[in-house]
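The values are calculated or read from the model by the stated rules, or taken from the named source; none is laboratory data. Quick caveat, the model's predicted, so the values are computed rather than measured. Don't worry about glycine lacking a Cβ; one is built from the backbone with ideal geometry, like all the others, and counts go over all protein chains shown.
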């Protein structure tokens, strides 16, 4: 399993209905993960996302939500990439996360995945390029140290879930029914 992280923008909302939202996977943008190695996730690469969870800093001890939890994690594909919207639980680590989001100590998003199909090449400068075209997503959420600087994360209130309902038609067909059921539970 591989992990990638992105820098994010955070907005804070008060209350018990706080959620963290962000652009967890950015599509079609080359990112230098280390000198001499570039990678991008192609639009439509997320073909399997049936058991996705949201953790803080990839730590399963800090679970925020899952697609099956109540309230649930919501995923939505956009032109820019895959967005996530997760409730922040009323726990000690949830309260710590809210404070760190408000202070902009946590401004990144990350995801854990397996690659099902990719294409490797080398450009004229000798830089190795990897284009990931098919992946299985397991986890997405806020992180302290992102690898991909293009991701975003914000803290939101429950009212914005209604906006996701309006935009649900953008969700891939495989996820649409499950997402609709999860949104109904959170409203």
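Structure notes:
- Single unsatisfied condition, residue 65 versus (1) part of a strand (DSSP E or B); (2) surrounded by fewer than 18 Cβ atoms within 10 Å (Cβ to Cβ): (2)
- Any hit, the stretch 7-21, residues being more than 14 Å from the chain's Cα centre (by Cα), assigned to a loop (DSSP other than H, G, I, E, B) and at pLDDT 90 or above: no
- Residues that are under 14 Å from the mean Cα position of the chain (by Cα) and assigned to a strand (DSSP E or B), drawn from the stretch 49-62: 53, 54, 55, 56
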